[in-house]
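Let me begin by presenting the structure, written as structure tokens, before commenting on it.
The values are calculated or read from the model by the stated rules, or taken from the named source; none is laboratory data. Because the structure is predicted, anything quoted here is derived from the model rather than measured. Cβ placement follows ideal geometry from the backbone for every residue including glycine, while neighbour counts extend to all protein chains displayed.
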Amino acid sequence: MRDASDGCLCRGVRLGARVNLGNALDGPNEGEWGVTLNDDVFDRIKEAGFATMRLTVRWSNHAAATTPYTIDPAFMARVDYAVKSALDRGLYVVLDMHHYRQLDGDTRDAGEFAVADAVLEDRMVAMWQQIAEHFKDSSAKLLFEPYNEPHGRQTAAKWNALLARVLETVRVTNPTRLVIVGPVQWNNASALKDLVLPKDPNLIATIHNYEPFQFTHQGADWVSGSSSWLGTGCCDATQRAQIVAPLDIAARWSQATQIPVWVGEFGAYEKAPAAARVAYTRFVRDEMEKRGMKWAYWEFASGFGLYKQSTGLECPAAGRSSGALISLLPATYLYALTETRRIPGAALFAGDSGKSADAARKSSSVGCHASSKCSRRWHGAPE
């Protein structure tokens, strides 16, 4: 099989434990949601043992409102800095488009400007044309993700049509780059059945899993009624069933379609009891890996995170559990098993956290990642 530098993810490539770098470039403007990128952030991600970083970016607030929808060069330079900083440290990078509020029909955030509804989709395609062109010569360790958690206005039919346009545009300049795509309903596992993908061997599907929601989002002030959930623990039998249900849905879909799936987000908000956050993280990680699934934790340096940039401390809200949380996460590597699993081009993933890769290969369950029922407003934006 070819080396990953050819653009093919193949046997032996380790994408590793993943973490999301959120609330920085996906805020209306960098720093407004509490995270500003600097070398220390990338050093800490690397030192913590993560091998892959998902970089969440709000391109829509930094591109012109009218054709040709030019992305602000100063903002592109900040994205460049983040991508290069991660790649230079040997990390894989998943570069996405986050929080295009109008596209989903959501209320715009403070500091976010409006564009005409009639141009929303054309503008998204144009932004991806620029992103793809800009990064076309980047390392194969850079992956694209066209959009995070489509929902609202983005029905399955509308999203499938728009996604096809974006992928066609990206493939002009990046014919073999790995691209991660998710279904509607906030990347809900149950919506995978409605996701229509072209015959493209370099696609990976993604879903997000924030079950049990009343545990993971307790005390989140952007979620109505969440203050009444404070003190909720994890994980009893009912909660465990809520966690694993979307994993099983995703595994069956992946087996049927022969398209790999990974969990792009999971995590618990800092107001959850500290010990319960650790128990939750351990359980979710273990259940994903039992199914050969890998994941990206949400997130590194904000309300769900492992590190608080304002204080320079590891997860102060989690108290003594911060080290335990971090130690749970960079525990596994992703192995591309295209030859073993005979997935066309792109890889099915199997892991070795406490198990050999050979044992994972022999597992009857498909190596994939999972989804959630998170059909609520995004879990991390300040109100």
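Here are some notes:
- Taking the numbered list (1) free of Cβ contacts under 8 Å to residues at least 40 places away in the same chain; (2) farther than 22 Å from Asn20 by Cβ in turn, Pro212 passes all entries but (2).
- Of the helices (runs of 4 or more DSSP H) that lie entirely inside segment 95-204, those containing 1 or more residues that are touching a strand residue (DSSP E or B) at 6+ places or on another chain (Cβ under 8 Å) and touching a residue at least 12 places away in the same chain (Cβ under 8 Å) span 120-134, 156-173, 184-187.
- Selection count, segment 80-94, where residues are part of a helix (DSSP H, G or I) and either touching a Lys or Arg at 6+ places or on another chain (Cβ under 7 Å) or of a type outside the set (A, V, I, L, M, F, W, C) (or both): 6
Okay, residues lined up against (1) buried (at least 20 other Cβ atoms within 10 Å of the Cβ); (2) in contact with a Leu (Cβ under 9 Å, 6 or more places away or on another chain); (3) farther than 24 Å from Ile180 by Cβ:
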| position | (1), (2), (3) |
| --- | --- |
| Thr66 | no, no, yes |
| Tyr69 | yes, no, no |
| Pro73 | no, no, yes |
| Leu87 | no, yes, no |
| Tyr92 | yes, yes, no |
| His99 | yes, no, no |
| Phe113 | no, no, yes |
| Val125 | no, yes, no |
| Gln130 | no, no, no |
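- Summed over segment 257-287, the residues that are part of a helix (DSSP H, G or I), buried (at least 24 other Cβ atoms within 10 Å of the Cβ) and among the hydrophobic types (A, V, I, L, M, F, W, C) give a count of 1.
- Pick from segment 44-69, criterion in a helix (DSSP H, G or I) and modelled with pLDDT of 95 or more, ranking: nearest to Lys294 (Cα to Cα): Trp59
- Residues of segment 75-85 that are more than 13 Å from Val57 (Cβ to Cβ) and either among the aromatic types (Phe, Trp, Tyr) or buried (at least 17 other Cβ atoms within 10 Å of the Cβ) (or both): Ser85 alone.
- For segment 101-111, the tally of residues that are of a type in the set (S, T, N, Q) and surrounded by fewer than 19 Cβ atoms within 10 Å (Cβ to Cβ) stands at 1.
- Every residue from segment 42-52 that is touching a residue at least 60 places away in the same chain (Cβ under 8 Å) and either within 18 Å of the chain's Cα centre (by Cα) or under 15 Å from Ala296 (Cβ atoms) (or both): Ile45, Ala48, Gly49, Phe50, Ala51, Thr52
- Selection from segment 233-243 of residues that are assigned to a loop (DSSP other than H, G, I, E, B) and surrounded by 19 or more Cβ atoms within 10 Å (Cβ to Cβ): Cys234, Cys235
- Flag for Glu145 being in contact with a Lys or Arg (Cβ under 9 Å, 6 or more places away or on another chain) and either at positive phi or surrounded by 23 or more Cβ atoms within 10 Å (Cβ to Cβ) (or both): no
- Residue in segment 249-256 that is assigned to a helix (DSSP H, G or I), closer than 27 Å to Phe144 by Cβ, of a type in the set (A, V, I, L, M) and free of Cβ contacts under 8 Å to residues at least 40 places away in the same chain present: yes
- Any hit, segment 267-288, residues being of a type in the set (S, T, N, Q), more than 22 Å from Glu145 (Cα to Cα) and touching a residue at least 12 places away in the same chain (Cβ under 8 Å): yes
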